[in-house]
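**Student:** Attaching a single structure in structure tokens format; questions to follow.
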Amino acid sequence: MTEILRTGASGRTSFASLTGSGQLVLGVLLVALCLGISAAAPQFYSEANIIAILRQCALVLIVASGMTMLIIAAEVDLSVGASLAFVGCVGMAVLNATDSLALGLVSALAFAGAVGLVNGIVVTLLRVNSLIGTIGTMMMLQGGVYLFTREAVQNHHQLASFTALGAGYWGPLPIPVIFAVAIFALCAVTLRFTTIGRYLYAVGANERAVRLSGIRSARLKLAAFVVTGLCVGVAGLILASLMNAGQPTAGRGFELTVIAAVILGGTSLTGGSGSLFGTLLGVLVLKVIDNGIIILGWNQDLQMVVPGIIIILASYFDLLRSRHHA
Amino acid sequence: MALITKLLMASAAIIIATSAQAANMPKKIGYVTNYATHEWYQNVIKGMKAHAKELGIEVEVQDANLDIAKQVSAAEDFIAKGVDVLILTPVNEEGVVPLLRRAKAAKIPVVLEGNPVKGMTTLVAICDYDTGYFAGVEAGKYAKQKLAGVAKVMNVGLPLLSATVLRSKGFMDGIRTEIPSATLVHDLDGGGNPDRALEVSAAALAKNADINIIYGINDSSALGGLQAWKAAGKSQDNLLTVGTGGEGLAFINAIEKEPSYRIEAAMFPEKEGFTTIDAAVKVFNGEPVPEHIVSPTAPIIGDSWKTYYSYDGTTRSIKWDAVNALKPPAKCMETSADLKK
């Protein structure tokens, strides 16, 4: 057992230098992007734009925090975009029926957590590959949301507290950013300072060895799926608040943005390595590019092209660095 | 005795009229839509079924779900079943051309909805440019009255599709008939989705918030733009939001609850479905039909949505008398062909 932990921890330590330098490159890239865009368009560093970027980062970071834990455990969840849309519709419908923000939140979290649980069961109990299993869930959710509602669930309750969830401020900070920071911190502490966090790295690095040492790896993975689901629950309700409706068409491609941010941040798709700080940088880089293209007035098709190029380059340089250190 | 005679004569007249009508009606129509989950198509289908029921026609619907192979397969099934008329909303232009040939060989007339295809007999569609144009004219009048004659527009558009490009172009041309100095401050690609529209609008407003009109190529785009405006903490006092489509409940909710959402370029999808059935009956009877049958659109200003729809809190119902009274133009002011010039 101790051996396993040592393996996980040492694996993490040896990767730390790599991911650490990767994060340095990402940090430099982020600063360069900010400076470059600001030089070309000074509006970039206006307070309004910084708030707009932070708000957009918040939704991705909330889900990416859970996804990082999942990918570190060598699994992935492609259903988060479809779940995001469904959660918004469920949450809004419950809010309309009850006029209670608490019940809306609970229902959204319960639904999203249940989706995570189903994903976890499919992967750990039925032993379906998570890539395939969560594509199945994604399809079920995309179809299911239209069985639930044929059109956007409108805001009939008009609760001010619900509007504040997406568009409100706490001091100078948008409330979605507060949520994102809290969830990010919780996940970061769990990964870095708790036994569960260390087990997740170990499961991702060598699941068989972890199982042989008596740790129930399936339960850990199940927990990671549920946590990712719960993160989607929070993000889905915030998105519904921002859009003032539960939109069944929302969240298209959201899963790709989230996974791209996690991978860009240095987390390995094969599991066992990665960090939430890297994910944070990945989210910031992607969203700054997104925002910068609009601020600079460039063709918006580049919003898909540029991050794609950056992800390939980042993965390639990471590979080169790994070979160099090997 | 006289009363009985009159009743008998009236009954006979009704029976004769009904049987004459039934003789000229197709029994079964097959419709392959391209994306049935979208609110627009749900309401097109609703309008089709309502009118078909009045005429005693059975309508069977299949969804291609944006997959041309699925559309071809569903249409071939209808042809094999021997439907009297086939209605298609093409997923793409090229993919449907062979289907038209196969239907012609099987002597099944075809009506297209939404998008034109080479070799078609007739198409039922709205005029996208005109829809934007007349909404633009109304927006210009509103700006003259309420916005001190200033019109600075953020267009939450969708450059991918010629139909939506035409709407945006029509809107700007329309508004300039009232306010020649109207400017297009932001021309955005909102992807037609509410969350994407929100995201790009938030960035654009952070760059330059000196706008007073938000135009969306559909309701989701307009609402995404408006939500970005609200999230930036801005007041709706000197803002006008104009949506397009009116395909669901969103625009009714917005007009009722958002002070700036005052104009909707309504496209009446139910009426498009209604008109498509009329066209199907005509082609079934071999009557001459124009290549493009225009389905009417109209700008709705504020509470006047109640002229065209009733709403019971959960579902909306179209008021057929009001919508059927709208006179569509014989031809569109501009079409996608004009964009290529």
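Bear in mind these aren't lab numbers, they're just calculated from the coordinates by the rules spelled out. Values in this document were obtained by computation on a predicted structure and should not be read as measured data. So basically every Cβ, Gly included, is an ideal-geometry build from the backbone, and we count neighbours across all protein chains shown.
**Student:** Quick one: which residues, 5 or more positions from B:Ile300 or on another chain, have an amide H under 5 Å from its amide H? H modelled 1.01 Å from N in the peptide plane, none for Pro or chain starts.
**Tutor:** B:Glu264, B:Ala265, B:Ala266
**Student:** Using θ = phi - 60° and the Karplus relation 6.51 cos²θ - 1.76 cosθ + 1.60, list the HN-Hα couplings for the stretch A:92-103 in order, rounded to whole Hz, with x at every Gly or Pro.
**Tutor:** Each residue's phi maps through the Karplus curve to give 5, 5, 5, 4, 5, 6, 10, 6, 10, 5, 4, 5 Hz.
**Student:** With runs of 4+ DSSP H residues as the only contributors, calculate the mean residue ellipticity of chain A at 222 nm using -39,500 (n - 2.57) per run, divided by the residue total and rounded to the nearest 500.
**Tutor:** Here the helix-only value at 222 nm equals -26500 deg cm²/dmol.
**Student:** May I ask for the angle, rounded to the nearest 10°, between helix B:219-231 and the longest principal axis of chain B, with both axes built from Cα atoms and the value confined to 0 to 90°?
**Tutor:** 20
**Student:** Fewest to most neighbouring Cβ within 10 Å: what's the order for A:Trp298, B:Trp40, B:Trp229, B:Trp320?
**Tutor:** In increasing order of surrounding Cβ atoms, one gets A:Trp298, B:Trp320, B:Trp40, B:Trp229.
**Student:** Residues with amide H under 5 Å of B:Tyr261's amide H, sequence separation 5 or more or different chain, H placed in the peptide plane at 1.01 Å from N; which?
**Tutor:** Amide H neighbours of B:Tyr261, under 5 Å, 5+ apart: B:Thr241.
**Student:** Ranking B:Arg101, B:Arg316 by Cβ neighbours within 10 Å, fewest first, what do you get?
**Tutor:** Going from sparsest to densest Cβ surroundings: B:Arg101, B:Arg316.
**Student:** How many percent of the alpha carbon pairs in the protein assembly as shown exceed a separation of 51 Å? Before the final figure, lay out the partial values.
**Tutor:** Details: 40163 of 222111 pairs.
Here the tail beyond 51 Å accounts for 18 percent of pairs.
**Student:** Show me, for the stretch A:253-258, the HN-Hα J-couplings you get by feeding each phi into the Karplus relation (A = 6.51, B = -1.76, C = 1.60, θ = phi - 60°), rounded to Hz, glycine and proline as x.
**Tutor:** Values, residue by residue: x, 4, 4, 5, 4, 4 Hz.
**Student:** Residue by residue through the stretch B:297-313, what is 3J(HN,Hα) from phi via Karplus (6.51 cos²θ - 1.76 cosθ + 1.60, θ = phi - 60°)? Round to whole Hz and write x for glycine and proline.
**Tutor:** Taking θ as phi minus 60°, the curve returns 10, 7, x, 9, 10, x, 5, 5, 4, 5, 5, 9, 9, 10, 9, 9, x Hz for the stretch B:297-313.
**Student:** Next question. Hey, can you grab everything whose amide H is under 5 Å from the amide H of B:Val124? Only 5+ residues off in sequence or another chain; H modelled, so Pro and N-termini drop out.
**Tutor:** Counting only residues 5 or more places away or on other chains, the set is B:Leu112, B:Glu113, B:Gly114, B:Ile293.
**Student:** Between A:Tyr45 and A:Met304, how high is the FRET efficiency from 1/(1 + (r/R0)^6) when r is the Cβ-Cβ distance and R₀ = 41 Å? Nearest 0.05.
**Tutor:** 0.95
**Student:** Please name which of A:Leu284, A:Ile175, A:Gly113 has its Cα lying farthest along the dipole of the stretch A:2-325 towards the positive end, using unit charges on Cβ (Lys, Arg +1; Asp, Glu -1) and the Cα centre as origin.
**Tutor:** Value: A:Gly113.
**Student:** Identify the trypsin sites (Lys or Arg not before Pro) of the stretch A:192-252 meeting these criteria: DSSP loop state and at most 14 other C-beta atoms within 10 Å of the C-beta.
**Tutor:** Values: sites: A:Arg192, A:Arg198, A:Arg208, A:Arg211, A:Arg216, A:Arg219, A:Lys221, A:Arg252; in loops: A:Arg216, A:Arg252.
Those satisfying the criteria are A:Arg216.
**Student:** For the stretch A:2-325, with the dipole built from +1 on Lys and Arg beta-carbon atoms and -1 on Asp and Glu ones, taken about the Cα centre, which of A:Gln247, A:Thr190, A:Ala235 lies farthest toward the positive end?
**Tutor:** A:Thr190
**Student:** Then there's this: Please arrange A:Asp99, A:Asp290, B:Asp312 by counting, for each residue, the other beta carbons lying within 10 Å of its beta carbon, fewest first.
**Tutor:** B:Asp312, A:Asp99, A:Asp290
**Student:** Cross-link partners among aspartates and glutamates for B:Lys169, C-alpha distance below 12 Å, same-chain residues fewer than 8 apart left out?
**Tutor:** Leaving aside aspartates and glutamates fewer than 8 places away in the same chain, those within reach of B:Lys169 are B:Asp128, B:Asp130, B:Asp187, B:Glu334, B:Asp338.
**Student:** Which value at 222 nm does chain B reach when only helices count, each DSSP H run of 4 or more adding -39,500 (n - 2.57), with the total divided by all residues and rounded to the nearest 500 deg cm²/dmol?
**Tutor:** Mean residue ellipticity at 222 nm (helix-derived): -15500 deg cm²/dmol.
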